[in-house]
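Down below is the structure, laid out as structure tokens.
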């Protein structure tokens, strides 16, 4: 089992975002801006769904990795730390999903 975490990925994306776009895909995405990065995130989300529907385990693992990477790029461009997302998930999981959804509708 790997000790690699989303925090590690966030750190790597942050470092590579500062590299030259000629040498780093991450830097190239960042230089292209949020619209391009968000479109790429959307493409990866669709590919992840297709792999899930096809019940193709290896493809689902691969596409999920792409999805998480591109999400980290989008968050980096927006200046949103991963911890903010984790804090929101923690807040939401403090109660059942059904209760949380009911509270949003009120």
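Residues 73, 13, 46 in ascending order of nearby Cβ atoms (within 10 Å, fewest first): 46, 13, 73.
Taking label points 7 Å from Cα along the Cα-to-Cβ direction, residue 39 and residue 20 give a separation of 2.6 nm. Computed over the chain, the per-residue total of -39500 (n - 2.57) for DSSP H runs of n ≥ 4 gives a 222 nm mean residue ellipticity of -25000 deg cm²/dmol, rounded to 500. Look at the alpha carbon pairs under 8 Å that are at least 6 residues apart: their mean separation over the length of the chain gives a relative contact order of 25 percent.
What is the order of 41, 82, fewest Cβ neighbours within 10 Å to most? Could the numbers behind the result be given before it?
Numbers: 41 22, 82 19.
With the sparsest Cβ surroundings first, the list reads 82, 41.
Select from 83, 58, 95 the residue whose mean-square fluctuation is largest in a Gaussian network model of the chain (Cα-Cα springs shorter than 10 Å). For the chain, modelled as a Gaussian network with Cα springs under 10 Å, the answer is 95.
Of the listed values [x] -0.52, -0.95; [y] -0.44, -0.84; [z] -0.74, -0.88, grab the one calculated as log10 I(q)/I(0) by the Debye sum over Cα atoms at q = 0.12, 0.17 Å⁻¹ from the structure here. Evaluating log10 I(q)/I(0) by the Debye sum over Cα atoms at q = 0.12, 0.17 Å⁻¹ on these atoms matches [x]. Paramagnetic label reach from residue 2 (point 7 Å along Cα→Cβ; backbone nitrogen cut-off under 16 Å): within region 84-106, no residues.
Read the figures in this text as sums done on the coordinates, not as results from a lab. Treat the numbers as computed from the prediction; the structure is a model and nothing was measured. Because the Cβ atoms are built from the backbone with ideal geometry, glycine has one as well, and the counts that use them run over all protein chains shown.
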